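Here the structure comes first, spelled out in structure tokens, and everything after it is commentary.
The values are calculated or read from the model by the stated rules, or taken from the named source; none is laboratory data. Computed from a predicted model, the values in this text were never measured in an experiment. Note: ideal-geometry Cβ built from the backbone for every residue, glycine included; neighbour counts use all protein chains shown. Ligands, DNA and RNA are excluded from the accessible area calculation, which covers all protein heavy atoms including side chains. Shrake-Rupley method; radii C 1.70, N 1.55, O 1.52, S 1.80 Å.
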Amino acid sequence: MKSKIRILVLLALIAATLAACSPATEQPSGDQVSLILAAYTTPREAYGEIIPLFQTYWLEKTGQDVTFEESYLGSGAQSRAVVEGFEADVVALSLEADVNRIQQAGLITHDWKTVENQGVVTTSIVSLAVREVNPKGISDWADLTQPGLEILTPNPNTSGGAMWNVLAIYGTALRGEIEGVPGDDPDAAFTFLTQVLQNVSVMDKAARDSILNFEMGIGDLAITYENEILVGQQSGQTYERVIPSSTILIQNPVALVDASVEKHGTREVAEAFVEFLFTSEAQEIFAQHGLRVVNQEIAAQTESEYPPVGDLFTVEYFGGWDVIMDEIFGENGIYNLAIATAQGDAH
Amino acid sequence: MDLTLIQGGRKTGLSKWFLRVPALLYVTLMILVPLIVIVEDGFRAGLSGLIHQISVPIAQHAILLTLWTAALMTLINAIMGLATAYVLVRYEFPGKQLLNAIVDLPLSIPTLVTGVMLVMLYGPQSALGAFLSEKIGLDIIFAPPGIVVALLFISFPFVVRTIQPVLMNLDLTQEEAAATLGAKPWYTFRKVVLPTLLPPLLSGSLLSFSRAVGEFGAVVIVAGNIPLKTQTAAVYVLGAVESENRLGASAVSLLLLTIAILVLMTANGIQKAWENRHEN
């Protein structure tokens, strides 16, 4: 008991010191306002271009100068940072589950899906990156089980991107879209997932690390977001994109954090920023950075770069994120079982 | 301030606390409190919860992989560190000063950089890595040997630096006497030098072992991180943290901590016993 009190006193001391160091909360003055954006790392460059446009727009509209503090981290880590006290006004994350976590912590109190397109600001698809001229002849998921193929995909425990990858493989198999795998047969889909996982040679901690390793010459194939491939190609990488005949639609949500905007007094400008992300201006920039956009007009303009997928499904196919986190990525979920089976057979 | 002043000051109560309180407070704040937090968190679901978490197959495999790669590294490090220290102390050669400085370098290179360097050197896309893999069948990167190599790199200074001062203080005349009595160099080393060096060798080795058990930065780059195959405990902990399994993270961390503490206490004990014997 005594020791507990002592620890509490110490913690209080630390907290007091920290509080004394940090500046008092800034209330927006008449012509100056500041927004904190917490985003996942993929759209960093896009936001770098969108933010100046918004600043001009907001200045003209209200006469207010809006400055931004931007933070880019892996989606899960970013979401946890907000829950643990990082006062972001707006979050832009890679998957809905990470926004739900903030909502469940009581920091988002409004229905964040009431904004345009249910808060989904950009999308992408799970695709395959293969070496120049596609030496292994990869054209679809079924080719991923060929013996000796070396596949890179990040670890679903640390990477949101990797979760999409697992969902794409398992979901496509379950839908009967893979040659030789009967549809609506969980056992067959599980076996297919296991076979693919057996060929995985490196599991990096994040999607970015995985594609960087692929760029270093490791592996025959990387399962990744389509935008990672397109951005890599823009910067001179020679790998090629293979769009599977069936894959999952990755939906990246954006949301306003009520607790933060209330504290900072920034609701109005935060709402305007979220709305601005759906304008043609902003959507065009997202499209230039490899992302599929939700704005119909821009989507139509960029269709040649983003060919439609034969069979495109969403997380709703599995019953939403809550079901997925439990049944597929839970402790005794399909993914952990598949990994165990894959490594058990490899021994 | 001279020595007598300090010694005199020790007797008065005020200056006794003058140094002790800040030092103890510092250790408590910086080391003890974070440790207590982990211990408390690890036991959140009681002992059975903790045992359940560390006996999950993926966690168990990660812990065992961590322990055996660290142990193998320690063995190699003990032998090669001893040889390096001996050469650095007993022989003169050009470039000795440079080599001596390089020994400490692994401590100041970010371990993440170490990992990247090793992948560039031994990775499957490098000439050396491809040669080893195709001709000898030895995969280093994205396999356990890569973990051992990375651990060797990051903990290289520990054995060398604990042996060096002892070896420098070791009277050279003993070795010379043995030599004049007709002992072969290896015999002299084994019978005269090694017994004295054994305690610092053991404590240096154990220090490097406990350092290696917690290594993350270099390992996450070189290991491949496949659960049940090449994923180490530290990488498992990251995965557990990131996927909301905080109990699993704390439980495995607690186990690693306990191992490290036991090993460090053993190292300290050896050092102390040796010093006592030496003073008598």
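Annotations for the structure displayed:
- Residue in region A:192-212 that is nearest to the other protein chains (Cβ to nearest Cβ), counting only those that are more than 16 Å from residue A:128 (Cα to Cα) and open to solvent by 70 Å² or more (accessible area, probe 1.4 Å): A:198
- Positions within region A:161-188 being over 24 Å from the mean Cα position of the chain (by Cα) and of a type outside the set (Asp, Glu), in sequence order: A:176, A:178, A:180, A:181, A:182, A:183, A:186, A:188
- Total residues in region A:323-333, condition touching a residue at least 40 places away in the same chain (Cβ under 8 Å) and either part of a loop (DSSP other than H, G, I, E, B) or surrounded by fewer than 19 Cβ atoms within 10 Å (Cβ to Cβ) (or both): 2
- Filter result for residue B:203 (within 25 Å of residue A:79 (Cβ to Cβ), polar (S, T, N, Q) and crowded, with 19+ Cβ neighbours inside 10 Å): no
- The C-beta contact set for region A:60-71 (first residue assigned to a helix (DSSP H, G or I), second residue β-branched (Val, Ile, Thr), distance under 9 angstrom, 6+ apart or interchain) comprises A:62/A:33; A:62/A:269.
- Of all residues in region B:206-234, those satisfying the criterion of being open to solvent by less than 10 Å² (accessible area, probe 1.4 Å) and aliphatic (A, V, I, L, M) are B:212, B:213, B:218, B:219, B:220, B:222, B:223, B:226, B:233.
- Residue selected from region A:323-344 under the condition touching a helix residue (DSSP H, G or I) at 6+ places or on another chain (Cβ under 8 Å) and away from every other protein chain (no Cβ under 11 Å), by the criterion farthest from residue A:120 (Cα to Cα): A:334
- Residue match in region A:142-159 (condition: among the small types (Gly, Ala, Ser) and out of contact with any Asp or Glu (no Cβ under 9 Å at 6 or more places or on another chain)): no
- In region A:46-55, the count of residues that are in a strand (DSSP E or B), assigned by TED's automatic domain parsing to the domain that holds residue A:100 and closer than 30 Å to residue A:163 by Cβ is zero.
- Pairs with Cβ under 7 Å, 6+ apart, first in region A:306-317 and surrounded by 15 or more Cβ atoms within 10 Å (Cβ to Cβ), second basic (Lys, Arg): A:306/A:292; A:313/A:175
- In region B:219-231, the residues that are at negative phi form Cβ pairs under 8 Å with partners that are in a loop (DSSP other than H, G, I, E, B) and hydroxyl-bearing (Ser, Thr, Tyr), at six or more places apart or across chains, as follows: B:219/B:232; B:223/B:230; B:223/B:232.
- For region A:189-207, residues that are touching a Gly at 6+ places or on another chain (Cβ under 9 Å) and farther than 15 Å from residue B:225 by Cα total 2.
- Residue among B:223, B:179 that alone is farther than 17 Å from residue B:80 by Cβ, away from chain A (no Cβ under 14 Å) and at pLDDT below 95: B:179
- As a summary of the residue check, residue A:121 satisfies the conditions (1) open to solvent by less than 10 Å² (accessible area, probe 1.4 Å); (2) in contact with a Leu (Cβ under 7 Å, 6 or more places away or on another chain); (3) over 30 Å from residue A:303 (Cβ atoms) except for the one numbered (3).
- Residue within region A:334-344 that is part of a loop (DSSP other than H, G, I, E, B) and open to solvent by 10 Å² or more (accessible area, probe 1.4 Å) present: no
- Extreme residue, modelled with the lowest pLDDT, among residues of region A:72-86 that are in a loop (DSSP other than H, G, I, E, B) and either surrounded by fewer than 17 Cβ atoms within 10 Å (Cβ to Cβ) or within 13 Å of chain B (Cβ to nearest Cβ) (or both): A:74
- Checking region A:19-37 against the condition returns no match, with no residue being buried (at least 16 other Cβ atoms within 10 Å of the Cβ), at pLDDT 85 or above and within 14 Å of another protein chain (Cβ to nearest Cβ).
- Number of the condition not met by residue A:162 [criteria: (1) of a type in the set (A, V, I, L, M, F, W, C); (2) open to solvent by 10 Å² or more (accessible area, probe 1.4 Å); (3) within 14 Å of chain B (Cβ to nearest Cβ)]: (2)
- Only one entry of B:38, B:58, B:51 meets the criterion of being away from chain A (no Cβ under 14 Å) and either over 24 Å from residue B:161 (Cα atoms) or not in a helix (DSSP H, G or I) (or both), and that entry is B:51.
- For region A:134-189, a residue qualifies if it is on the phi > 0 side of the Ramachandran plot and in contact (Cβ under 8 Å) with a residue 60 or more places away in the chain, and exactly one does: A:134.
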